[in-house]
């Protein structure tokens, strides 16, 4: 399962890394952060996702990668729900252009599915270490 | 044992800066760190006024706001009624004219989106976004 989850994050990160300007606009649409910070995150977050995804697939720096991805997906979910509550009609930007037409419920369902998978992997890896 | 995941996470967080900085350098001319619109695509109210008859104003705000008030001579073109309004705009447009798109304020997205669609879908050149939008226009009018 870690390979699948890792591959999903590698794929999501790569799509955004190819078009950081679009991702910066997607972040800006959430109206949470100033544009300058959004641009910085648009350059940084995709690579963090790719590296953490690779960590899961290669099982190198595994627990660190798992922790970061769990935190990231938690932040994405919180930002998405906050945007919905504030009445913003936005695309999540999670998978770049590919997720442009996803509905709010579709992308929230995928986020929760990934969160559940990550928590499951953390529990398994904790049990192995115990 | 607990410090291992934290140390690993910190290492990954630091490592991600390397390709991110590289990419930021590569894209340095294509993205503005100050504004969502590249500086070359922005126009101030003062600059726009100098263009006078050589410019066509496009109001990207919703219909009700356009009906209430707008820049004299402006054409309404918003994303809600894009297909309906675009042909009306194109009737007024000519290749030698610059296009100035505005929405309600500096923070709105509509002008940026309409300008982008005019460049990409209608293949127009010389499309600019008004800095500060309608609010700035009103402020300068006083």
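Each value in this text was obtained by applying a stated rule to the coordinates, not by laboratory testing. Because the structure is a prediction, the values reported are computed rather than measured. Backbone-built Cβ (ideal geometry, glycine too); neighbour counts: all protein chains shown.
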| What single numbered condition from (1) in a helix (DSSP H, G or I); (2) within 17 Å of the chain's Cα centre (by Cα); (3) within 13 Å of another protein chain (Cβ to nearest Cβ) fails to hold for residue B:5? | (2)
| request: Please find, among A:27, A:73, A:50, the residue that is in a helix (DSSP H, G or I) and touching a residue at least 60 places away in the same chain (Cβ under 8 Å). | output: A:27
| field | Members of region B:106-137 found to be part of a loop (DSSP other than H, G, I, E, B) and touching a strand residue (DSSP E or B) at 6+ places or on another chain (Cβ under 8 Å), listed by number | value | B:124, B:126, B:131
| task | Return a yes/no flag: does region B:53-64 have any residue that is surrounded by 16 or more Cβ atoms within 10 Å (Cβ to Cβ), within 14 Å of chain A (Cβ to nearest Cβ) and not in a helix (DSSP H, G or I). | result | yes
| request: Could you list all residues from region A:8-24 that are more than 25 Å from residue A:58 (Cβ to Cβ) and either free of Cβ contacts under 8 Å to residues at least 60 places away in the same chain or more than 11 Å from chain B (Cβ to nearest Cβ) (or both)? | output: A:21, A:24
| task | Those residues that are buried (at least 16 other Cβ atoms within 10 Å of the Cβ) and farther than 19 Å from residue A:35 by Cα, I need them from region B:19-50; list them, please. | result | B:19, B:45, B:48
| query | Of all residues in region B:75-92, which are within 14 Å of residue B:57 (Cβ to Cβ), touching a helix residue (DSSP H, G or I) at 6+ places or on another chain (Cβ under 9 Å) and touching a residue at least 24 places away in the same chain (Cβ under 8 Å)? | reply | B:77, B:78, B:89
| query | Restricted to region A:30-47, and to residues that are without any contact (Cβ under 8 Å) to a residue 12 or more places away in the chain, within 11 Å of chain B (Cβ to nearest Cβ) and farther than 14 Å from residue B:20 by Cβ, which residue is surrounded by the fewest Cβ atoms within 10 Å (Cβ to Cβ)? | reply | A:34
